[in-house]
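A.B. asks: Take a look at this one; I'll ask things after.
What follows draws every value from the coordinates through simple rules; no lab data is involved. Nothing here was measured: the structure is a model prediction, and the numbers come from that model. Cβ sites come from the backbone with ideal geometry, for glycine too, and all protein chains shown count toward neighbours.
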Amino acid sequence: MSTTETRAQSAPTVRAVPRSSGARSRKALVYVLLSAGLLAMAAPFLWMALSAFKTPQELAAGPPVWIPTEWTLQNFRDLLAKMDVGQAFFSSVLVAVVVTVCNLLFCSMLGYALAKLNFVGRRPVFGIVLGALMVPGNLMLLPQFVMMSQMGLIDSYTALILPFAAGAFGVFLMRQFMTAIPDELLEAARIDGAREWFIFWRIVLPLVKPALATLTIFVFLGSWNNFLWPLIATNDPDKYTLPVALATFATDPTKADGSNGVLMAGAFLVVLPVLLVFVLLQRFFTQGIATAGIK
């Protein structure tokens, strides 16, 4: 018998230690608490989504009816008949997409400069970015309105896009991710004759795809759901974004009086694009959060 077989026979057998009933109970309790929290957070959205397909009788039922017994699209038909959903949807998509693209470009460029380039004033610029993160967004509404008014941009798509074309959070996020890229990789590219734009576009950006996906979700979500600034900066109904158009519709007694189902259908249309964007970028978003936690 070989030495290896002798050692294998003489080695003690390792048996799996069964979990105690207390450990299983604690694990079950954690799952119950997490499920209850998830249900509490998702319940308003589920109620809104299901109510969009209910009849007026089920919406006004004595004990609330969660799942419709008779699914209907009449609420969506009434919404399309009473409200210019197409124009509001176009305005929201245009503003959200342009703001998101601008943030991806400008925030990544400035983040790259702050993370990998040495220039005079880099630390003060980064300090300004950190200071901007501490300023509440609502505090900037008045200066933004004055600036847009003096530039003659009020009541235009430019006024809805320009103040949010770049954000301090996006710059900070991209700078933190790009800091983790090895400097030796960029120096090797420079030695080979690569210019900074080539390094930024072909080397750096592919390495920070999770950060770009994370920034896309946050910026698109914030721009799509932005209500206060579009309400202030626009007076033309053709420039209303979907949240503003829906709020204006809800406060008009001649159109939305007693139409709770129609309002639920409108709210469902507002939320739907955000869910689609999150589902498409969920994998990259999860990677971005995991990578940020490792740093």
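A.B. asks: Where does each of 55-64, 68-77 land if you order them by average Cβ count within 10 Å, highest first?
C.D. replies: Ranking, from highest mean packing down: 68-77, 55-64.
A.B. asks: Report the label-to-label distance for LYS27 and ASN260 in nanometres (one decimal), using points 7 Å from each Cα along the Cα→Cβ vector.
C.D. replies: Between LYS27 and ASN260, the simple spin-label model gives 4.3 nm.
A.B. asks: According to the square roots a ≥ b ≥ c of the eigenvalues of the Cα gyration tensor, what is the shape class of the chain, taking rounded for a/c under 1.5, prolate for a/b larger than b/c otherwise, and oblate for the remainder?
C.D. replies: Taking the square roots of the gyration eigenvalues as a ≥ b ≥ c, the chain is oblate.
A.B. asks: Now for a different question. Scattering from the C-alpha atoms of region 156-218 alone, worked out with Debye: what is log10 I(q)/I(0) at q = 0.19, 0.21, 0.23 1/Å?
C.D. replies: For region 156-218 at q = 0.19, 0.21, 0.23 Å⁻¹, log10 I(q)/I(0) is -0.80, -0.89, -0.97.
A.B. asks: Please identify, among ALA247, ALA267, ALA189, the residue showing maximal mean-square fluctuation in a Gaussian network model of the chain using a 10 angstrom Cα cutoff.
C.D. replies: ALA189
A.B. asks: Which residues in region 265-283 have a backbone N closer than 19 Å to a point placed 7 Å from the Cα of THR72 along the Cα-to-Cβ line?
C.D. replies: Only 265-269 pass the distance filter.
A.B. asks: Kindly rank 123-131, 170-178, 215-223, 230-238 from highest to lowest mean number of other beta carbons found within 10 Å of each residue.
C.D. replies: The densest-packed peptide leads the list: 170-178, 215-223, 230-238, 123-131.
A.B. asks: Work through the residues other than ARG122 whose Cβ is under 12 Å from its Cβ and net out their charges, Lys, Arg +1 and Asp, Glu -1.
C.D. replies: +3
A.B. asks: Any idea how far apart THR179 and MET140 come out in nm if each label point goes 7 Å out from Cα toward Cβ?
C.D. replies: About 2.1 nm separates the two model spin labels.
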